[in-house]
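The values are calculated or read from the model by the stated rules, or taken from the named source; none is laboratory data. Not measured: the values here are computed from a predicted model. Note that we place each Cβ from the backbone using ideal geometry, even for glycine, and neighbour counts take in every protein chain shown.
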Amino acid sequence: MSQTNSQFEIDLDKVEDAGARSHGLSFPRTWLSDMIETVLGSLSYVLNAIWFALVLIIVVNVTMRYALGINYVWVEEVQWHIYAVGFMFGIGYAVMHDAHVRVDVLAANFRPTLRAWIEAFSIVVIILPMCWLIISYGIPFVEASYNRGERSSAPGGLANRWMIKSVIVLAFAYIALAAFARLLRVSCFLFNFPRARVTK
């Protein structure tokens, strides 16, 4: 009995992309959206470095606590603050790269035009007003913390609490810019305005 050996060539990158991003739509790029995304992308490379710092601080903190019996409150607070920075800016990164959670069971069955309208509606009615609301209330919140010289209530905790509170304002500004860049691309897809960027 002869046995036939068949070989399949599988592009693992395409398989991964199909599974992880099956819901994504590729909207056309515009000059302004590319400029915004380039700036935000450059910031994201810097912000990604904080995860290495966080891991290093956690390792040092655990080593000091269990090997040397030393514990500093401010080190623990730095951990929380770094995690908060990464998480808050990560939301904007997800919006920019269309990596946020969707109801894929529904979205996969919608026509691209309907999905683009839903995307535009979500950005204009939900994301941008929410960002404006949080930024407008966040700025006085940060100012009040700065003027009071607010610090951690824990003994040995961090001073200048206004710095971590300012992350709320900065992160939602990042989210708003990412959403605006996305809206430009959706608008180009739906209305051909602004014009799509021609790439060679």
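Being of a type outside the set (Asp, Glu), closer than 27 Å to Asn48 by Cβ and either out of contact with any Lys or Arg (no Cβ under 8 Å at 6 or more places or on another chain) or at pLDDT below 95 (or both), is that true of even one residue in the range 140-150?
no
For the range 102-117, indicate whether the set of residues that are under 30 Å from Arg29 (Cβ atoms), within 17 Å of the chain's Cα centre (by Cα) and either touching a residue at least 12 places away in the same chain (Cβ under 8 Å) or surrounded by 14 or more Cβ atoms within 10 Å (Cβ to Cβ) (or both) is non-empty.
For the range 102-117, residues under 30 Å from Arg29 (Cβ atoms), within 17 Å of the chain's Cα centre (by Cα) and either touching a residue at least 12 places away in the same chain (Cβ under 8 Å) or surrounded by 14 or more Cβ atoms within 10 Å (Cβ to Cβ) (or both): present.
Cβ contacts < 7 Å: first residue at pLDDT 90 or above and surrounded by 14 or more Cβ atoms within 10 Å (Cβ to Cβ), restricted to the range 63-81; second residue part of a helix (DSSP H, G or I) and polar (S, T, N, Q), any location; separation 6+ or different chain. Result?
What qualifies is Val75/Asn61; Glu76/Asn61; Gln79/Asn61.
Of everything in the range 121-178 that's over 15 Å from the mean Cα position of the chain (by Cα), surrounded by 13 or more Cβ atoms within 10 Å (Cβ to Cβ) and among the small types (Gly, Ala, Ser), which residue is nearest to Trp74 (Cα to Cα)?
Gly157
Which one of these does Leu40 not meet: (1) at pLDDT 80 or above; (2) exposed (fewer than 13 other Cβ atoms within 10 Å of the Cβ); (3) closer than 30 Å to Ala116 by Cβ?
Going through (1) at pLDDT 80 or above; (2) exposed (fewer than 13 other Cβ atoms within 10 Å of the Cβ); (3) closer than 30 Å to Ala116 by Cβ one by one, Leu40 breaks only (2).
Which ones in the range 183-200 are of a type in the set (Lys, Arg) and in a loop (DSSP other than H, G, I, E, B)? Break it down stepwise before answering.
Initial filter on the range 183-200 (of a type in the set (Lys, Arg)): 185, 195, 197, 200.
Residues satisfying the conditions are Arg195, Arg197, Lys200.
In the range 85-182, which helices (runs of 4 or more DSSP H) lie fully inside it and hold 2 or more residues that are touching a helix residue (DSSP H, G or I) at 6+ places or on another chain (Cβ under 9 Å) and among the small types (Gly, Ala, Ser)?
Working: elements: 104-107, 112-121, 128-148.
Passing ranges, in order: 112-121, 128-148.
With Ser33, Ser44 as the choices, which residue is in contact with a Phe, Trp or Tyr (Cβ under 6 Å, 6 or more places away or on another chain), within 27 Å of Ser166 (Cβ to Cβ) and of a type in the set (S, T, N, Q)?
Ser44
Within the set of pairs 6+ apart or on separate chains, which have a first residue in the range 150-162 that is in contact (Cβ under 8 Å) with a residue 60 or more places away in the chain and of a type in the set (Ser, Thr, Tyr), a second that is exposed (fewer than 14 other Cβ atoms within 10 Å of the Cβ) and in a loop (DSSP other than H, G, I, E, B), and C-beta atoms under 9 Å apart?
Ser152/Ala159
Pairs, please: C-beta under 7 Å, at least 6 apart or cross-chain, first residue free of Cβ contacts under 8 Å to residues at least 60 places away in the same chain and more than 23 Å from Ile139 (Cα to Cα) and in the range 173-196, second not β-branched (Val, Ile, Thr) and not in a helix (DSSP H, G or I)?
none
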